[in-house]
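The next block holds one structure in the form of structure tokens; read it before the comments.
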Amino acid sequence: MDRILIVEDEEKLARFLELELAHEGYAVEKAFDGRTGLDLAENGGFDLILLDVMLPGMSGLEVLRRLRRTDAVPVIVLTARDAVMDKVTGLDMGANDYITKPFEIEELLARIRAALRSGGHSDPASSGVLVSGGLTLDPARRTVLWNGAPVALTNREFELLRTLMRNRGIVMTREKLLEQVWGYDYAGETNVVDVYIRYLRQKIDDAFGVKLIHTVRGVGYAFRDAEGR
Ligand code: CA
């Protein structure tokens with residue numbers, strides 16, 4: 001079931017949309033201000049977000065800007081009539097589509113179906129999904145799957161795996177991994193990399209009987225697929 005977040009401060013409109021979308025079989029959550037909307041959007045694992053532009057607390061465009069730093073979830077912006085700037089800015093900032101109020105519900109439903117088709121898993125190249133054999137890492141949804149079944153990773157393990165998979169076949173030094181996963185200002189022990197590599201191996205290589213994470217003695221680590229690439 002696709003999950004949709006509605007961020008809209010006109011509560012009557014938000015409730016109307018919730019009823020219509022639930023009727024269409026979507027799971028729906030609502031937020032009435034920008035900040036709550038951003039929190040939910042960042043943590044809720046939604047398949048699509050309907051985002052009003054004029055919101056209290058934080059504007060819809062600011063929510064979009066912040067969300068796009070980490071998340072490729074499809075977003076449809078709801079704009080006021082003739083607010084041409086909002087449409088242009090919204091699309092520039094990474095909205096997938098916009099719809100002008102007032103709108104016919106059928107038109108919105110059609111746009112939602114189109115955005116859901118174009119987003120998500122159907123287009124791995126543009127959504128940044130990393131695939132290697134049975135392993136799939138989806139940065140937007142923050143999920144890792146092994147042959148379709150979820151693998152539970154901590155945030156740090158996820159970032160380490162993402163960095164390794166992004167650089168598939170390339171040897172990454174401990175320093176480079178520290179910099180990219182822990183940040184430039186990390187001041188702790190450098191063997192933290194080795195510790196997290198061990199966690200990842202337990203959860204992936206050992207758990208599924210594969211060898212993807214390779215040690216390059218004296219240098220660092222490399223992610224290689226089954227063919228050694
Ligand atoms: Ca509004």
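What residue, among those in the range 1-27 that are within 16 Å of the ligand (Cβ to nearest atom) and surrounded by fewer than 13 Cβ atoms within 10 Å (Cβ to Cβ), is nearest to the chain's Cα centre (by Cα)? Please lay out each step first, then the result.
So in the range 1-27, the residues within 16 Å of the ligand (Cβ to nearest atom) come out as 5-18.
Restricting the remaining residues to those that are surrounded by fewer than 13 Cβ atoms within 10 Å (Cβ to Cβ) gives 11-12.
Working: Glu11: 27, Lys12: 29 Å.
Result: Glu11.
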Regarding the range 62-84, can at least one residue be identified that is surrounded by fewer than 20 Cβ atoms within 10 Å (Cβ to Cβ), within 18 Å of the chain's Cα centre (by Cα) and within 16 Å of the ligand (Cβ to nearest atom)? yes
Helices (runs of 4 or more DSSP H) contained in the range 130-208 and holding at least 2 residues under 30 Å from Asp47 (Cβ atoms): 155-166, 192-201
Got at least one residue in the range 34-49 being buried (at least 16 other Cβ atoms within 10 Å of the Cβ), within 12 Å of the ligand (Cβ to nearest atom), within 23 Å of the chain's Cα centre (by Cα) and of a type outside the set (Lys, Arg)? yes
Residues Ala114, Ala152, Ala110: which one is closer than 26 Å to Ile49 by Cβ and touching a helix residue (DSSP H, G or I) at 6+ places or on another chain (Cβ under 9 Å)? Ala152
Need pairs with beta-carbon distance below 6 Å; first residue within 13 Å of Gly134 (Cβ to Cβ) and within the range 203-229, second at pLDDT below 90 and in a strand (DSSP E or B); sequence gap 6+ or separate chains. Asp225/Ser132
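The values are calculated or read from the model by the stated rules, or taken from the named source; none is laboratory data. Predicted model, so just to flag it, every value in this text is computed and none were measured. Note that each Cβ is placed from the backbone with ideal geometry, even for glycine, and that neighbours are counted across all protein chains shown.
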